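Student: Please read through the structure below; I'll follow up with questions.
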Amino acid sequence: MPDFLDIHTTAKPDLRAMIDQAHAMKAARKGQPKGQPDAEQPFANRMVALIFEKPSTRTRVSFDVGVRQMGGQTMVLSGKEMQLGHGETIADTARVLSRYVDLIMIRTFEESVLQELAEYASVPVINGLTNRTHPCQIMADIQTYEEHRGPIAGKKVVWSGDGNNVCASFLHAAGQFGFDLTFTGPEALDPDPEFVALARAQGAQIDIQRDPAQAVAGADLIVTDTWVSMHDSQSNRERRHNLLRPYQVNEALMALAKPDALFMHCLPAHREEEVTNAVMHGPQSVVFHEAENPLHAQKAVMRYCLGV
Ligand code: CP
Ligand code: NVA
């Protein structure tokens, strides 16, 4: 059974099928109470472990609700309260959890923890964010773009700000879903060149542009994220803010994109830092649809992992 560790390591047709299923599952629930079980119960008798070594609101609640809607059961585990946080190896944790649960989702720091967990678990593992990537978020973002504007293939996405984990998964998606991506941010915070090269090798046009005004010309979608991620040291906070201030997404920047350009942010957002309040709540913002969609996209990801 497949893991879902990254967008670039998942086959294109599988990604497409997951997004299609996410659209269908969302449509099927329209207007229903949140706690109402889905008509289909593919997770009946399934147990899912959700491990968090970092804080989470959206990922935590949306995975939990999603499993329950599909008829399964969950346990939410904090890394700190597990033996994992007290020296038990990741491999042993993986072997043991595989005896109790059918599926493991983990949000962690180092990519190597995710990889080791996946290697030693005999059940599928899902990446719920690492320092390096956040693939479930971008599946939800693709779903969100498509439900507002149709296919994302051939569109121009602009990432303004820190070339972080969410940006990395956007680059992976550019290659797999066939859209172009312009990164605009300070050189010191460029995305990993390996991910840029990978997307280019798949035929996506990836541009690095230091001037945000030039970058957003012709943009269909503008995306940003926090200037200080959970894994970033607070001692660099001021330096990061100084470097990133020119890349704030504000109304002046939005006005330079296509008139029907959308704005997205995975949240949590810091108003008047990476995005202004006016853009967050403006007519082009779809951030709260984007916040809903992990519920649907992750259900499709989980079904893919269990083949149900
Ligand atoms: N966007 C996102 O992953 O949010 P949480 O950190 O609240 O899970
Ligand atoms: N880049 C952010 C995303 C939070 C969902 C972080 O890693 O903290």
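Student: Using the crude model of +1 on Lys and Arg Cβ and -1 on Asp and Glu Cβ, and no other charge, please compute the dipole size for the chain relative to its Cα centre, in debye to 20.
Tutor: It works out to roughly 740 debye.
Student: If you don't mind, another one. Across the chain, how many lysine pairs, 8 or more positions apart or on different chains, have C-alpha atoms separated by under 12 Å? Please give the number.
Tutor: Going through the chain pair by pair, I get 5.
Student: Over the range 159-206, what relative contact order in percent results from Cα pairs under 8 Å that are six or more residues apart?
Tutor: 47 percent
Student: In the range 147-283, what is the volume of the convex hull around the alpha carbon atoms, normalised per residue and reported in Å³?
Tutor: 101 Å³
Student: What are the ³J(HN,Hα) values, in whole Hz, obtained from phi via the Karplus relation 6.51 cos²θ - 1.76 cosθ + 1.60 with θ = phi - 60°, for each residue of the range 43-48 in sequence order, with x given for Gly and Pro?
Tutor: 9, 4, 6, 9, 10, 10
Student: Let me ask something else. Order of 201-212, 60-71 by packing, highest average Cβ count within 10 Å first?
Tutor: Packing proxy ranking, top to bottom: 60-71, 201-212.
Student: If you don't mind, there's one more thing I want to ask. Quick query: amide H of Ser78 versus all other amide H atoms, modeled in the peptide plane; which residues come in under 5 Å with a sequence gap of 5 or more or a different chain?
Tutor: Correct list: Phe52.
Student: Using modelled amide H (1.01 Å from N, peptide plane; none on Pro or chain starts), what sits under 5 Å from the amide H of Val275, excluding residues fewer than 5 places away?
Tutor: The list, which skips near neighbours in sequence, is Val249, His270.
Student: Still on this structure: Tell me, what HN-Hα J-couplings in whole Hz come from the Karplus equation 6.51 cos²θ - 1.76 cosθ + 1.60 at θ = phi - 60° for each residue of the range 205-218, using x for Gly and Pro?
Tutor: 8, 10, 10, 10, 9, 6, 9, x, 5, 5, 4, 7, 4, x
Student: Kindly provide the helix-only [θ] at 222 nm of the chain, computed as the sum of -39,500 (n - 2.57) over DSSP H runs of four or more divided by all residues, to the nearest 500 deg cm²/dmol?
Tutor: Helix-only estimate at 222 nm: -12500 deg cm²/dmol.
Student: When you count, for each residue, the other Cβ atoms within 10 Å and take the mean per peptide, how do 13-19, 158-164 rank with the highest first?
Tutor: 158-164, 13-19
Student: May I ask you to sort Glu272, Glu146, Glu40 by Cβ crowding, counting other Cβ atoms within 10 Å and putting the fewest first?
Tutor: Glu272, Glu40, Glu146
Student: Against the 2.2 N^0.38 Å scaling, with N counting residues, where does the range 72-185 land? I'd like the Cα-based Rg ratio to two decimal places.
Tutor: 1.27
Student: Would you please give the residues with an amide H less than 5 Å from that of Leu262, counting only those at least 5 places away or on a separate chain, with H modeled from the backbone geometry?
Tutor: Those lying under 5 Å, H to H, from Leu262 are Leu221, Ile222.
Student: Now, a different point. Step through the residues of the range 111-128 one at a time and calculate ³J(HN,Hα) from phi using the Karplus curve (6.51 cos²θ - 1.76 cosθ + 1.60, θ = phi - 60°), rounding each to whole Hz and writing x for Gly and Pro.
Tutor: Computed from phi, the couplings for the range 111-128 are 4, 4, 5, 4, 4, 5, 4, 5, 5, 9, 7, 9, 10, x, 10, 10, 7, x Hz.
Student: Still on this structure, please answer the following. Take every Cα pair under 8 Å in the range 241-293 that's 6+ residues apart, average their separations, divide by the length, and report that relative contact order as a whole percent.
Tutor: Normalised by residue count, the contact order of the range 241-293 is 43 percent.
Student: Assuming a ≥ b ≥ c are the square roots of the Cα gyration tensor eigenvalues, decide whether the chain counts as rounded (a/c under 1.5), prolate (otherwise, with a/b larger than b/c) or oblate.
Tutor: Because a/c hits 1.5 or more and a/b exceeds b/c, the chain counts as prolate.
Student: Please rank Ser235, Ser122, Ser169, fewest neighbouring Cβ atoms within 10 Å first, as an exposure proxy.
Tutor: The fewest-first ordering by Cβ neighbours comes to Ser235, Ser122, Ser169.
Student: If we sort 188-195, 2-9, 112-119 on the protection proxy, mean other Cβ atoms within 10 Å, highest first, what's the order?
Tutor: 2-9, 112-119, 188-195
Student: Suppose each label sits 7 Å from its Cα in the direction of the beta carbon; what would the Gln41-Met1 distance come out to in nanometres?
Tutor: A separation of 1.8 nm, rounded to one decimal place.
Student: Let me ask something else about it. Provide the percentage of antiparallel DSSP beta bridges, counting only those with both residues in the chain; round to the nearest 5.
Tutor: For the chain, the DSSP antiparallel bridge percentage is about 0.
Student: Related question: So what are the radius of gyration and Dmax for the Cα set of the range 157-229, in Å?
Tutor: Taking only Cα atoms of the range 157-229, I get Rg and Dmax of 10.9, 31 Å.
Student: Just need the relative contact order of the chain here, percent rounded to a whole number, with Cα pairs under 8 Å and 6+ apart.
Tutor: Relative CO of the chain lands at 21 percent.
Student: Now a separate question. Which of rounded, prolate or oblate describes the range 20-79 when judged by the alpha-carbon gyration tensor and an a/c cut-off of 1.5?
Tutor: Taking the square roots of the gyration eigenvalues as a ≥ b ≥ c, the range 20-79 is prolate.
All of the numbers you see were taken from the coordinates with simple rules; none came from a lab. Note that this is a predicted model, so its numbers are computed, not measured. Glycine gets a Cβ as well: all are built from the backbone with ideal geometry, and neighbour counts include every protein chain shown.
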